[in-house]
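Accompanying notes for the structure given below.
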Amino acid sequence: MPNWQPNWKNVVWNYGAAEAAAAALRRAADTLDQTADERARVADEARAEWRGRYRDEFDDKFTRMLRRAHELAGEYRAAANQILGANQRVREEQLRRERDRERWRLEKEAEDRARQQQAPSR
């Protein structure tokens, strides 16, 4: 028997749920970007003739809101990428375990054959 043991347990992971979560985050990010862009378009129309202190206050708050919406969309996309990266790492770990199991099986077979060849014939 080989002097090492592979990890016999499969990785427990829900690939579909991870992919669905990443897709949902990307859709939410797209929605944030689209609604922020639409708000900017509508605000530009409303501000065409607006002047004064309230316009300046509005512009400041509105600019911060748009920036935050785009930042949040970026954070959602980054989270989606992290989830998909974890999905890939889990796949790689499972494949590594399977390769280790096969390597162990081949080593054991080779040891068993060598043992049989060394055993005296009766």
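The values are calculated or read from the model by the stated rules, or taken from the named source; none is laboratory data. Computed from a predicted model, the values in this text were never measured in an experiment. Counting neighbours? That spans all protein chains shown, and the Cβs are built from the backbone with ideal geometry, glycine included.
Miscellaneous remarks
- Evaluation of Y54 against (1) more than 25 Å from R26 (Cβ to Cβ); (2) touching a helix residue (DSSP H, G or I) at 6+ places or on another chain (Cβ under 9 Å) (one fails), failing number: (2)
- Note on region 46-80: residues that are within 35 Å of the chain's Cα centre (by Cα) and of a type in the set (K, R) total 5.
- Residue check, R105 out of contact with any strand residue (DSSP E or B) (no Cβ under 9 Å at 6 or more places or on another chain), basic (K, R) and either over 30 Å from E19 (Cβ atoms) or surrounded by fewer than 13 Cβ atoms within 10 Å (Cβ to Cβ) (or both): yes
- Verdict on A43 being in a helix (DSSP H, G or I), touching a helix residue (DSSP H, G or I) at 6+ places or on another chain (Cβ under 7 Å), small (G, A, S) and at pLDDT below 95: yes
- From the options N81, N87, residue that is within 30 Å of W8 (Cβ to Cβ) and among the polar types (S, T, N, Q): N87
- Pair list, Cβ under 8 Å, 6 or more apart: region 94-122 residue under 30 Å from N14 (Cα atoms), other residue of a type in the set (K, R): R97/K9
- Selection count where residues are surrounded by 12 or more Cβ atoms within 10 Å (Cβ to Cβ) and among the acidic types (D, E), scope region 80-102: 3
- Residue pairs whose Cβ atoms lie under 8 Å apart, sitting 6 or more positions apart in sequence or on different chains, and linking a residue in region 56-84 that is closer than 22 Å to A17 by Cα to a partner that is buried (at least 16 other Cβ atoms within 10 Å of the Cβ) and among the basic types (K, R), are Y76/R26; R77/R26; A80/R26.
- Some residue of region 107-117 being touching an Asp or Glu at 6+ places or on another chain (Cβ under 8 Å) and part of a helix (DSSP H, G or I): no
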